[in-house]
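Asks: Submitted below is the structure of interest, expressed as structure tokens.
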Amino acid sequence: MNHINDNPTTSHSANIESTMLHIIDNGIVDSNGIESPLLDNFVDGFVDYKGRPVLRSKSGHWRSAYFIIGIEVAERLAYVGLSSNLITYLTGPLGLSTATAAMNVNIWSGVTSLLPLVGAYIADAFLGRYLTIIIASLLYILTLVLLAFSTLIVSDSLCSPQLQVILFFVPLYLLAFAIGGHRPCVQAFGADQFDTNNAQECQAKSSFFNWWNFGMCIGPTLGILVLNYIQDNISWGLSFGIPATILGFALIIFLIGTVTYRMEEKTKDKSSFVKIGHVFVKATQNWRNKPSTTSGEEDCEILPLQGSQKFRFLNKALDGSNEAVVVCSIGDVEEAKAVLQLVPIWVGLLGYALVCSQTSTLFTKQGETMDRSIGTRFQIPAATLQAFMFISIMMLIPVYDTIFVPLTRAITRKTYGITMLQRMGIGMFIVIVSILIAAIVETKRLNTAREYRLVDDPGAMVPMKIWWLLPQYLLFGAGHVFAVVGTQEFFYDQVPSDLRSMGLALYLSVLACGSFLSSILILIVEKMTGGNGQDGWISDNINQGHIDYFYYLLAVIGTAAFVMYIYVARSYVYRQGRDMILNVPEASAK
């Protein structure tokens with residue numbers, strides 16, 4: 001048994017000695033000179049890979065972000081190396097028509113961008129982001145190997161065309177599942193390394209989204225310049241095997257960084273999925289209740305929340321007329337309203353996503369008919385021009401982060417210069433201008449084909465340099481710097497902290513629905529403008545079609561969506577503002 005020291009003098013001296021602590025820059029030093037960390041030096045809400053509290057000075061920030069960016073660069077190299085030239089493989093070795101191939105590319109791209117909703121749910125609710133990234137990466141590598149083997153079967157003339165298509169599309173859609181788990185979790189996990197409650201790290205987190213996209217462009221640029229050349233001139237199988245190997249090495253590097261990572265601490269509280277879902281269920285159950293019987297209505301009236309004036313039907317979830325039923329809290333209702341407020345913004349972005357889905361399909365088909373020669377012997381693959389979109393991004397992001405933000409910050413007095421919604425709107429406008437330029441260039445290409453009487457020859461090279469397509473790619477890159485980066489930060493920032501993977505999945509689902517809408521629109525245009533033996537706007541022989549008309553149609557749709565976006569964005573209430581107001585009554589009560 002332990003005994004208490006009976007000498008009060010000795011005990012008192014020992015206590016004084018043990019509490020003689022001196023605060024230094026990053027910690028506390030006791031009388032023996034042993035340093036122990038300040039409580040503030042721990043990152044609240046995060047633990048290390050062993051579940052222990054993490055020190056700010058030894059975890060997270062850029063030291064961890066570099067490991068995470070590395071695996072994303074490898075994944076982007078693999079994905080863009082495949083998707084940028086997929087339409088060429090479908091119309092070439094697999095023998096599909098241009099319209100069918102374009103629709104298949106758009107559908108696959110849509111599924112690829114929609115499945116992150118599933119992957120994000122699994123990560124946020126069950127596995128966690130770290131483990132989900134590892135599992136998704138292993139599946140990614142496996143499917144790339146299967147795709148490489150499928151190209152060998154396609155080259156075997158003993159297999160029927162139907163079997164060749166099946167053996168290619170099965171691993172292709174397995175790859176979509178791998179991307180669904182990988183894409184939302186990696187970026188959210190990277191952003192988690194920056195503590196929003198710390199002023200310096202909060203500012204660094206905004207720069208993280210800029211430099212994340214800068215790093216993301218390195219992989220696609222290499223994928224387009226190197227892998228597309230291998231696909232067109234050497235071997236499709238080799239072009240799938242190379243990124244599988246690179247991704248394997250990147251996964252090893254990611255695992256090496258494990259000791260530095262900050263991982264979100266799991267709590268016993270109900271997840272935001274459950275809380276928000278309960279709000280919608282309760283509001284639906286109480287929808288017939290009159291305002292006078294819904295006790296929560298009065299509570300919400302006294303809250304100084306602008307957000308409370310929207311989606312007032314959710315206030316019925318506060319109805320406590322039946323004491324046997326547990327009602328939702330005001331905070332839960334406000335969270336549900338915050339999430340629901342994202343829906344109009346999401347819808348407004350669909351026009352942008354619809355226009356963007358053309359860069360890897362019809363833009364590439366345009367380039368295939370043009371003069372792609374450099375010198376006397378070398379011809380660049382048509383898909384290679386997509387690299388200039390990423391080069392544009394890499395050139396503009398440093399300019400945006402180091403010049404544009406400080407200048408606008410001096411004018412607007414806002415931390416990030418302009419708001420996330422303003423940034424997204426600027427990007428949408430740039431993309432609309434880009435598709436208009438694409439339409440004008442396509443009109444000139446068609447006129448050149450007619451001038452040289454090449455309309456009836458689908459394999460003829462139109463005497464017009466492929467560099468005419470360069471402005472539309474460069475403008476798409478500029479639009480990406482504003483719209484895509486802003487959208488990523490917006491959906492990460494405007495959802496509850498334990499739903500941030502889902503927030504980034506919402507951003508990806510915008511691109512998914514844009515691809516689906518593009519497929520539907522192509523089908524409608526093909527049916528309405530073709531038939532009776534005549535080619536429509538989108539023809540196998542694009543010299544006989546009118547892709548320029550299709551681009552003008554996209555510009556009209558994009559403009560209508562842009563107007564809608566401006567309307568809903570003007571009334572949006574940022575989450576930070578609501579949270580600050582929401583905490584005032586709680587602080588006062590304490």
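The values are calculated or read from the model by the stated rules, or taken from the named source; none is laboratory data. Because the structure is predicted, anything quoted here is derived from the model rather than measured. Quick reminder, even Gly has a Cβ in these numbers, built from the backbone with ideal geometry, and neighbours come from all protein chains shown. The accessibility values were calculated without ligands, DNA or RNA, using every heavy atom of the protein model including side chains. Shrake-Rupley method; radii C 1.70, N 1.55, O 1.52, S 1.80 Å.
Here is a yes/no grid of residues against (1) under 17 Å from the mean Cα position of the chain (by Cα); (2) at pLDDT below 80; (3) of a type outside the set (A, V, I, L, M); (4) more than 30 Å from LEU421 (Cβ to Cβ):
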residue: LEU499; (1), (2), (3), (4): yes, yes, no, no
residue: SER515; (1), (2), (3), (4): yes, yes, yes, no
residue: ILE520; (1), (2), (3), (4): no, no, no, no
residue: ILE547; (1), (2), (3), (4): no, no, no, yes
residue: VAL568; (1), (2), (3), (4): no, no, no, no
residue: GLN576; (1), (2), (3), (4): no, yes, yes, no
residue: LYS590; (1), (2), (3), (4): no, yes, yes, yes
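Asks: Residue check, VAL54 against (1) in contact (Cβ under 8 Å) with a residue 60 or more places away in the chain; (2) among the β-branched types (Val, Ile, Thr); (3) assigned to a helix (DSSP H, G or I), all met but one. Which one?
Replies: (3)
Asks: Which condition does GLU75 not pass, out of (1) surrounded by fewer than 22 Cβ atoms within 10 Å (Cβ to Cβ); (2) in contact with a Phe, Trp or Tyr (Cβ under 8 Å, 6 or more places away or on another chain), if it passes all the others?
Replies: (1)
Asks: So, one more: Which count do you get for residues in region 444-454 that are of a type outside the set (D, E, K, R) and surrounded by 16 or more Cβ atoms within 10 Å (Cβ to Cβ)?
Replies: 4
Asks: Still on this model: Would you tally the residues in region 105-124 being open to solvent by less than 40 Å² (accessible area, probe 1.4 Å) and assigned to a helix (DSSP H, G or I)?
Replies: We begin by selecting, within region 105-124, every residue open to solvent by less than 40 Å² (accessible area, probe 1.4 Å); these are 105-106, 108-113, 115-116, 119-120, 123-124.
Now drop any that are not assigned to a helix (DSSP H, G or I), which leaves 105-106, 108-113, 116, 119-120, 123-124.
The number of residues fulfilling the criteria is 13.
Yes/no per residue for (1) more than 19 Å from ALA483 (Cβ to Cβ); (2) modelled with pLDDT of 80 or more:
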residue	(1), (2)
GLU334	yes, no
LEU342	no, yes
LEU349	no, yes
THR359	no, no
ILE391	no, yes
ILE397	no, yes
ARG409	yes, yes
THR415	yes, no
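Asks: Out of the residues in region 363-387 that are of a type outside the set (Val, Ile, Thr) and over 20 Å from GLY223 (Cβ atoms), which is most open to solvent (accessible area, probe 1.4 Å)?
Replies: Only one residue tops the list, namely ARG377.
Asks: Quick test of your reading of the structure: GLY81 fulfils all but one of (1) out of contact with any Pro (no Cβ under 8 Å at 6 or more places or on another chain); (2) more than 16 Å from GLY180 (Cα to Cα). Name the failing condition by number.
Replies: (1)
Asks: Would you point out which residue out of ILE234, ILE246, ILE252 is at pLDDT 80 or above, farther than 30 Å from SER57 by Cβ and exposed (fewer than 14 other Cβ atoms within 10 Å of the Cβ)?
Replies: Step by step, each of ILE234, ILE246, ILE252 is checked, and only ILE234 is at pLDDT 80 or above, farther than 30 Å from SER57 by Cβ and exposed (fewer than 14 other Cβ atoms within 10 Å of the Cβ).
Asks: Now for a separate question. Among the numbered criteria (1) surrounded by fewer than 18 Cβ atoms within 10 Å (Cβ to Cβ); (2) touching a Cys at 6+ places or on another chain (Cβ under 7 Å); (3) not polar (S, T, N, Q), which one does ALA569 miss?
Replies: The single condition ALA569 does not satisfy is (2).
Asks: Filter region 160-172 for residues that are surrounded by 14 or more Cβ atoms within 10 Å (Cβ to Cβ) and not aliphatic (A, V, I, L, M); which is modelled with the lowest pLDDT?
Replies: Once the filter is applied, the top-ranked residue is GLN164.
Asks: Moving on to the next point. So which of LYS270, LYS282, LYS266, LYS290 ends up being open to solvent by less than 80 Å² (accessible area, probe 1.4 Å) and either at pLDDT below 85 or over 23 Å from the mean Cα position of the chain (by Cα) (or both)? Walk me through how you get there before you give the answer.
Replies: Values: LYS270 fails: open to solvent by less than 80 Å² (accessible area, probe 1.4 Å); LYS266 fails: open to solvent by less than 80 Å² (accessible area, probe 1.4 Å); LYS290 fails: open to solvent by less than 80 Å² (accessible area, probe 1.4 Å).
Going through LYS270, LYS282, LYS266, LYS290 in turn, just one is open to solvent by less than 80 Å² (accessible area, probe 1.4 Å) and either at pLDDT below 85 or over 23 Å from the mean Cα position of the chain (by Cα) (or both): LYS282.
Asks: Here's a follow-up. Looking at (1) among the small types (Gly, Ala, Ser); (2) at pLDDT below 85; (3) on the phi < 0 side of the Ramachandran plot, can you tell me which one GLY531 breaks?
Replies: All conditions pass for GLY531, except number (3).
Asks: Report every pair of residues separated by at least 6 positions or lying on different chains whose Cβ atoms are under 6 Å apart, first residue within region 129-142 and surrounded by fewer than 24 Cβ atoms within 10 Å (Cβ to Cβ), second not in a helix (DSSP H, G or I).
Replies: So the pair list comes out as TYR130/MET263.
Asks: Still on this model: Here are some conditions: (1) open to solvent by 40 Å² or more (accessible area, probe 1.4 Å); (2) at pLDDT below 85. LEU146 meets all but one. Which one does it not meet?
Replies: So the condition that LEU146 fails would be (2).
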